[in-house]
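Here the structure comes first, spelled out in structure tokens, and everything after it is commentary.
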DNA sequence: CGGTCTCTTGACGGAGTTCAAAGCTAGTGG
DNA sequence: CCACTAGCTTTGAACTCCGTCAAGAGACCG
């Protein structure tokens, strides 16, 4: 079991190494804090009303976060394939109840990091402070562009931009989820695709 | 002139002090890096095509960032009143050309920080790494919620949420800019307001 | 092979856009 | 101090894109 966990964090260390260099000893310290979990397709990691008090790193598989309104419509905030992070950051920082579901779209393996553990890990390896700063900086950059796309483009434009940026996700995920991510109806997306193919 | 700059950074130190404690000496180091500027209403700090290679902190007044499409329509990404940061983070991290205008909505005083200077400042005051990490974490949290609002709510819902979150900005800014921030036409916003008042 | 999930297609209605014009407000200069 | 202008908001009417509802057809899995 220990071997499996070692293997699994490789993806995390890979992405860390792009920003800061960890010694083998420091990597071992990290391993103390992460908790590995396996999530079956359609299982949930977070439910609306719960507080999101962990950081989730996807090692394998694919997760999505989404809200559901009174009418039962789903609105997808994010997809998280291998190497990505996912969570409700507002709930995480404020301690308030989350509004999102986080659910496995495929069978998925994650590494989870409690809020306290994350702080302690960063305290013991200050280099990671830099890693997380840059990670959030990049996440903000992407969200800014997505925000602008979303208010400026129509259905066709938004879909085209998504295909350009994340062709892999468009392949892996049911089409109605793509629609829900773009904020349009499945029917609208179906019709747009018909034109542009 | 030196006195003026000292006064102006107070707002920055205030927001830093909520996260990490700086010594007076460290504050002096910060002062070496920031450059104070005054921007008149309708003047630009950034134009599409330029690279956004600075971080902008607003001391006084109000800025906005927005794109313009082929038809001349404006789409506002962000308003930045006193105590807020503004910039094109994607251009900043990637070095690619920006797509945004950053323009003064009111006469404004800013503190600007070059990309290299920011890195050096953080290198000399490692505590700031933590400050900026948390700043971007909170920015991401807000963008996530705004993203969800934008794809799940209609015009009335988006406007109501904005009034709830930032009543001050709704007051200070022309209504057509609020519309442009929400991604709806000025006419649509006008009609929604008529109902709900 | 039957059920669930998914995508497509059609018809209709509604929210929002577009275009145009008029009313309002505040700032400017004579 | 008033008149004029420029920017802003409102209102109306026509149009359009998209959401909604409903039905049907594949595709996949147990």
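Derivation of every value follows stated rules applied to the coordinates shown; laboratory data play no part. Worth saying up front: this structure is predicted, and the values here are computed from it rather than measured. Using ideal geometry, Cβ is built from the backbone for each residue, glycine included, and neighbour counts are taken over all protein chains shown.
Computed values, structure above
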item	result
Global geometry of the protein assembly as shown, whether rounded, prolate or oblate, following the gyration tensor of its Cα atoms and the 1.5 cut on a/c	oblate
Three-way shape call for the range A:87-134 based on the alpha-carbon gyration tensor, with the a/c threshold at 1.5	oblate
Burial ordering of A:54, B:23, fewest other beta-carbon atoms within 10 Å first	B:23, A:54
Global form of chain A, assessed from the alpha-carbon gyration tensor, a/c cut-off 1.5	prolate
Rough spin-label spacing in nm, given labels placed 7 Å along Cα→Cβ, for residue A:68 and residue B:161	1.9 nm
Label-zone membership for the range B:73-98, site residue B:60, 7 angstrom Cα→C-beta point, backbone N under 18 Å	B:80-85
Contour minus Cα-Cα distance for residue B:18 and residue B:38 (0.36 nm per residue)	4.6 nm
Distance between the range A:137-188 and the range B:150-190 - C-alpha centres, whole angstrom	22 Å
Distance (nanometres) between label positions extended 7 Å along Cα→Cβ at residue A:97 and residue A:117	2.6 nm
Other copies of residue A:40: label-to-label distances in nm, shortest first, labels 7 Å along the beta-carbon direction	6.9
Helical mean residue ellipticity (222 nm; -39500 (n - 2.57) per DSSP H run of 4+; nearest 500) of the protein assembly as shown	-15500 deg cm²/dmol
Label-zone membership for the range A:153-180, site residue A:106, 7 angstrom Cα→C-beta point, backbone N under 13 Å	A:168-174
Nm distances between copies for residue A:53, ranked from closest, using label points 7 Å along Cα→Cβ	4.6
